[in-house]
Amino acid sequence: MPKLIPGLTLCLALAPWVHPTVAAEAGHHAHWSYSGAEGPTHWADLDPAYAACAAGFAQSPVDVSGALDATLPPLVIDYQGLGQDVVNNGHTIQVNVAPGSTLTLDGRTFTLKQFHFHTPSEDKMNGESFAMEGHLVHADPEGHLAVISVLYRLGAENPVIAQVWNAMPERTDTPAAPPAPIDPAALLPTDKGYFRFDGSLTTPPCTEGVRWIVLKAPMTVSQSQVDRLTAAMHGANSRPVQPVNARVIVR
Ligand SMILES: [Zn+2]
């Protein structure tokens, strides 16, 4: 079992709006969900550790629109580590990745820790929602986070998601090993053009300081694959879009 990143539900000893760090051990924080009294509009009220969910000014997800043209360098991705186990943590289906996959950004080396899925998409693109969104979560040695987001339209079955769903455990927090290791590189589109902006975890404690990279080229997922995730989560598992405020989105 991974000790570093239990889902995106990082628990922080410091104020949650400072730089996110990778907690060594999960603390005991309030239960939260995607609907009702424990839903997104109530997260900040559930636990003082979740204050940033309401008080933050750079929250995720967002509607990615009005991007400014910048000379963004090509993404430097070198994925060697493979997905080793699949976890249903009650908030998402997550694949924990063996060490060895890196994203180099801002002169820092971020290592891919895990990837997981939301339905419908959390981020939007010019107001458009997508059927699903994948988040590839990377951390540097100091615990700074960088997330690569892949958006999925309805269409052909996605072969990597098929691999993940085949290993999807029924019970929460019981990891299951897929029949064959899952290659995270196969999750990414060939065209790796991207939008970039600062944001937060999209789950409590909604910690800010996360580098977000949303890939412009959507991939496809089948309706039955979306339905499988919805069933496993007992509904949608997406936080609504948050105000962009003073942030700049570049492309
Ligand atoms: Zn996510």
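For the pair Lys192 and Arg153, label points projected 7 Å from Cα toward Cβ lie 2.3 nm apart. Residues whose amide H falls under 5 Å from that of Met219, counting only those 5 or more places apart or on a different chain, are Leu151, Tyr152, Arg153, with hydrogens built in the peptide plane. Along the Cα-to-C-beta direction of Gln223, a point sits 7 Å from the Cα; which residues of segment 131-171 have their amide N less than 17 Å from that point? The answer is 131-132, 153-158, whose backbone nitrogens lie closer than 17 Å to the label point. Rounded to the nearest Hz, the phi-derived 3J(HN,Hα) couplings of segment 53-69 under the Karplus curve 6.51 cos²θ - 1.76 cosθ + 1.60 (θ = phi - 60°) are 4, 10, 8, x, 10, 9, 8, 10, x, 9, 7, 7, 8, x, 5, 8, 6, where x marks glycine and proline. What residues of segment 72-96 lie in the reach of a label at Asn126, counting those whose backbone N is under 20 Å from a point 7 Å from the Cα along Cα→Cβ? Counting backbone N atoms under 20 Å from the label point, the list is 72. Rg over Rh for segment 160-246 works out to 0.99, using Cα positions for both radii and the Kirkwood form for Rh. Along the axis of the charge dipole computed for the chain (Cβ charges of +1 for Lys and Arg, -1 for Asp and Glu, origin at the Cα centre), the listed residues Val160, Val226, Phe117 are led at the positive end by Val160. Rounded to the nearest 0.05, the FRET efficiency derived from the C-beta distance between Glu170 and His42 at R0 = 22 Å is 0.20.
Note on the chain: Lys pairs 8 or more places apart or on different chains, Cα atoms under 21 Å apart, count 5.
Simple point charges give the picture: +1 on the Cβ of Lys and Arg, -1 on the Cβ of Asp and Glu, and for the chain a dipole about the Cα centre of about 280 debye. In terms of packing, defined here as the mean over residues of other Cβ atoms within 10 angstrom, the peptides 83-96, 170-183 line up highest first as 83-96, 170-183.
The Kirkwood radius of the chain, taken over pairs of alpha-carbon atoms, gives through the Stokes-Einstein law at 37 °C and 0.692 mPa s a diffusion coefficient of 183 µm² s⁻¹. List the residues of segment 162-202 whose backbone N lies under 18 Å from a point placed 7 Å from the Cα of Ala70 along the Cα-to-Cβ direction. Hits in segment 162-202 for Ala70 at 18 Å: 192-201. Between Thr230 and Ala98, the simple spin-label model (points 7 angstrom out along Cα→Cβ) gives 3.6 nm.
Taking each DSSP H run with n ≥ 4 as -39500 (n - 2.57) and averaging over every residue of the chain yields -2500 deg cm²/dmol at 222 nm.
Once the Cβ-Cβ distance of Phe57 and Val250 is raised to the sixth power relative to R0 = 25 Å, the FRET efficiency obtained is 0.85. For Thr119, Thr41, Thr207, the sequence from fewest to most other C-beta atoms within 10 Å is Thr41, Thr119, Thr207.
No value in this document is a laboratory result; all are computed from the given coordinates. Small disclaimer: the values here were computed from a predicted structure and weren't measured. Using ideal geometry, Cβ is built from the backbone for each residue, glycine included, and neighbour counts are taken over all protein chains shown.
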